[in-house]
Amino acid sequence: MLKVRELIKDFGKVRIINSATFEVNTDEIVSLVGPNGAGKTTLVNLISGHIPPTTGRIEFLGHDITFTSPYRRIKMGVARNFQITNLFADSSVLDNVRICLFSTYGKIKRCFLPANYYGAITQEAVNILDMFGISDKKDLLPPSLSEGDKKILDTSMAFALKSKFLLLDEPTSGVATGDKFKVMDTIISAVKKEKMACMIIEHDMDIVADYTDRVLVLTEGQILADGRPKEIMEQDDVKKILFGVTS
Amino acid sequence: MGLKDFLLKPKFFVYLGIFILLMFMPKVLPIYQLMLLESGITFAIMSLGFNLLLRYTGLLSFGHGALFAVGAYSVGMMGEYFPEMYRIEILIPVALFASFVVSTIFGFICVRHTRVFFSILALALSMVLFALLVKLYNITGGSDGIHIELPMMFGKSYEGVKRFEFLSGAYYFVLICVFAASTIIMLGIVNSPFGKTLQSIRDNEVRAEMIGIRIRRYRLYAFILSGLFTGLGGAMWSFVNGHVTPEIAEWVFSGEIVYMTLLGGFMVFEGPIIGAILFTYLKLYAVSFTQYWMFLIGATLITLVLLLPEGIAGGFVKLVTKIRRTPSTGVA
């Protein structure tokens, strides 16, 4: 589904992504792990079109999307959330999700009837919020939410885009430890139900092991290892980078 | 569903009440006051458009005077060059078309930037139009402007009728109907999916782009819509004023538009309407009161910004929420 070939991104003289090559298959849930500063978020930014790469090639469903606009990528089915939550601060929680749905269904040009008139879409937005467990907060403004709820809202907005490939940048950071697995359960079951492929950046190795089919280990801008979670975590070089253990 | 909800809200009855009240104004107000009210209403139509950009898209335009002038001048020039088509049913669409064309051009250039860069670009473009209106005096009448004759309205000619009779008669009712229609349409726009899209761009353009909104294009749409309302206001104003001069394209008038909106309170939908009507009276009374009227206007603005930053409507809304909250929670 997604093919990344020898992708390079330089910021000035610093090479953040250094010839990364990997693939994500249909229906697959992949996790991307790596130490701080490895370039994980940059990789998400490159795939989602938030920033352009220096060289390399990104293919999605057989189309070259290396330099296409974020708009085109979203219409093709690439959606993302944000690690540092990125919400519409002056719109209610419901509207945050609803605007994503309006965008998905191509209704953002409708300018005569009030948004509430679109009952089916409003209901669907409520359902999505319900699924993620924050529908009771639908009339609040995002700044009044807890950090964890903001994060969940951010993810549910990305989910509302009904993409084929979902990029989740640390969906559980800021979420209370006890709720992490609940949130992941929600995300993963939703992703599986919609038959999406998904790439998750995650620091919690338990989550990586429990929820994902495959792990990509990124360090200094390169893919160091690629394989099943259990096998990968046994490798010495991975242990050294992720846990600082030498054996 | 949405419409029914709205019809049951108390707000709707307030609107209806105001509309009916306005209907009786020609019987109550002396003609001089009525003309002031009429020019206030035309400014209100314009400020509705202005606030679509400021409140809902987050773009502060310092060049809306130019778009207002386009509406007013298209009426004037139609009278000059196509007198046989000088009917209000034709003039309004022509004014709308002219403002559509000009605001598309202006918008195309301006929406490449936001914040102060947008404001300055809009200001610069409006001054270009101002210069053209002054310099092309063969076409536009230069700084003398153009006299606006009374138009034909629905097949009825008003030749020989005095302007004040025209303004306190049929035209007044046409004006408030146009005003009511603009208010309803704008209310629809700001609550529609399109309006929500604009607000999401205002709140967070990075995220807006990442949920599949082409932000520049939508800013342009907002600019054009805003220009249409402004042009409509300009066209309706030209009949009230009876004369159009290039001054309305100058930055001073653009500044007054911003002032009106701030006076009423741009965070509330109805704010700019209140501001526009109030400003008309404020300015006139300041002028008649002292020759240093600009000082008075400026002092008002300073007081407003310091004491009532949300404007009159914003302050009122705040007061109401405070009063409502106090008894239920018991906390002042």
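Laboratory data are not the source of any read-out in this text; all were calculated from the coordinates shown. Quick caveat: nothing in here was measured; it's all calculated off a predicted structure. Glycine also receives a Cβ, built like all others from the backbone with ideal geometry; neighbour counts cover every protein chain displayed.
Quote the charge dipole size of chain A about the Cα centre in Debye, to the nearest 20; the model charges only the Cβ of Lys and Arg (+1) and of Asp and Glu (-1).
In debye, rounded to 20, chain A gives about 940.
Report the charge-dipole magnitude of the stretch B:120-216 in Debye, nearest 20, computed about the Cα centre from +1 at each Lys and Arg Cβ and -1 at each Asp and Glu Cβ.
240
If amide hydrogens are placed 1.01 Å from N in the peptide plane, which non-local residues have theirs closer than 5 Å to the one on A:Arg80?
A:Leu167
Quick one: Debye curve from the C-alpha atoms of the stretch B:13-251, no solvent, what's log10 I(q)/I(0) at q = 0.12, 0.13, 0.14 Å⁻¹?
The Debye formula, applied to the Cα set alone, gives -0.69, -0.79, -0.90.
Hey, can you grab everything whose amide H is under 5 Å from the amide H of A:Gly227? Only 5+ residues off in sequence or another chain; H modelled, so Pro and N-termini drop out.
Those qualifying (amide H under 5 Å, at least 5 residues apart or on another chain) are A:Val215.
Rounded to two decimals, what is Rg over Rh for the stretch A:18-115 when you use alpha-carbon atoms and the Kirkwood radius?
So for the stretch A:18-115, dividing Rg by the Kirkwood Rh gives 1.02.
Once the Cβ-Cβ distance between B:Leu132 and A:Lys13 is put in as r, and R0 is 45 Å, what FRET efficiency do you end up with, to the nearest 0.05?
Efficiency at R0 = 45 Å is approximately 0.35.
I need the shape label for the stretch A:1-66. Rule: rounded when a/c is under 1.5, else prolate if a/b > b/c, else oblate, with a, b, c from the alpha carbon gyration tensor.
oblate
Tell me, what HN-Hα J-couplings in whole Hz come from the Karplus equation 6.51 cos²θ - 1.76 cosθ + 1.60 at θ = phi - 60° for each residue of the stretch B:171-177, using x for Gly and Pro?
Once rounded to whole Hz, the list reads 4, 4, 6, 4, 4, 6, 5.
Among A:76-85, B:107-116, how do they line up by average Cβ neighbours within 10 Å per residue, starting with the highest?
Taking the mean over residues of other Cβ atoms within 10 Å, the ranking is A:76-85, B:107-116.
Can you list the residues, at least 5 places off or on another chain, whose amide H is less than 5 Å from the amide H of A:Gly56, using H built in the peptide plane?
A:Ile8
Grab the other residues whose beta carbon is less than 15 angstrom from that of B:Phe43, score K and R as +1, D and E as -1, and report the net.
-3
When all C-alpha to C-alpha distances in the protein assembly as shown are sorted into bins of 10 Å, what percent of pairs does each bin hold, rounded to whole numbers?
3, 15, 22, 20, 15, 12, 8, 3, 1, 0, 0
Go through B:151-157, A:133-139, B:65-71 and give me the packing order, highest mean Cβ count within 10 Å leading.
So the order, starting with the most tightly packed, is B:65-71, A:133-139, B:151-157.
Average partner chain C-beta neighbours within 10 Å, per residue of A:113-123?
Average neighbour count from other chains, rounded to a whole number: 5.
Per-residue HN-Hα couplings for the stretch A:171-179, Karplus 6.51 cos²θ - 1.76 cosθ + 1.60 at θ = phi - 60°, whole Hz, x for Gly and Pro?
After applying 6.51 cos²θ - 1.76 cosθ + 1.60, I find x, 10, 6, x, 7, 4, 3, x, 8 Hz.
What is the average number of partner chain Cβ atoms found within 10 Å of a Cβ in B:182-194?
Taking the mean over all residues of the peptide, I get 5.
Of A:Gly34, A:Ile207, A:Met76, which is farthest towards the positive pole of chain A's charge dipole, taken about the Cα centre with +1 and -1 on the beta-carbons of Lys, Arg and Asp, Glu respectively?
A:Met76
Under the definition of partner shielding as Cβ atoms of other protein chains within 10 Å of a residue Cβ, what is the mean value for peptide A:67-80?
Across A:67-80, the average partner-chain Cβ count within 10 Å equals 2.
Name the residue farthest towards the positive end of the dipole of the protein assembly as shown from the options B:Ile248, B:Met35, B:Ser182, assuming +1 on Cβ of Lys and Arg, -1 on Cβ of Asp and Glu, about the Cα centre.
Projecting each Cα onto the dipole axis, the largest value belongs to B:Met35.
Quick one: which of A:Lys162/B:Lys9; A:Lys180/A:Lys230; A:Lys195/A:Lys239 span more than 29 angstrom between C-alpha atoms?
Listed pairs above 29 Å: A:Lys162/B:Lys9; A:Lys195/A:Lys239.
In a GNM of chain B with a 10 Å cut-off on Cα contacts, which of B:Phe295, B:Phe12, B:Phe164 has the highest mean-square fluctuation?
B:Phe12
Quick check: from the Cα gyration tensor, does the stretch A:101-201 come out rounded (a/c under 1.5), prolate or oblate?
It is oblate, given that a/c is not under 1.5 and a/b is not larger than b/c.
Would you mind telling me the antiparallel percentage of the DSSP bridges in the protein assembly as shown, rounded to 5?
60
Considering only A:Phe181, A:Pro171, A:Gly119, whose Cα is most displaced toward the positive end of the charge dipole of chain A, charges sitting on Cβ of Lys, Arg (+1) and Asp, Glu (-1)?
Positive-most Cα among the choices belongs to A:Gly119.
Rounded, prolate or oblate: pick one for the stretch A:119-177, where a ≥ b ≥ c are the square roots of the eigenvalues of its C-alpha gyration tensor, a/c under 1.5 means rounded, and failing that, prolate if a/b is larger than b/c, else oblate.
Note, shape of the stretch A:119-177 comes out oblate.
Kindly rank A:110-123, B:240-253 from highest to lowest mean number of other beta carbons found within 10 Å of each residue.
Highest mean packing first, the order is B:240-253, A:110-123.
In whole Hz, what ³J(HN,Hα) sequence does the stretch B:55-66 give by Karplus (6.51, -1.76, 1.60; θ = phi - 60°), x for Gly and Pro?
Once rounded to whole Hz, the list reads 6, 9, 10, x, 10, 9, 9, 9, x, 6, x, 5.
Limiting things to C-alpha atoms, what are the Rg and the maximum Cα-Cα separation (Dmax) for the stretch A:2-243, in angstroms?
18.0, 62
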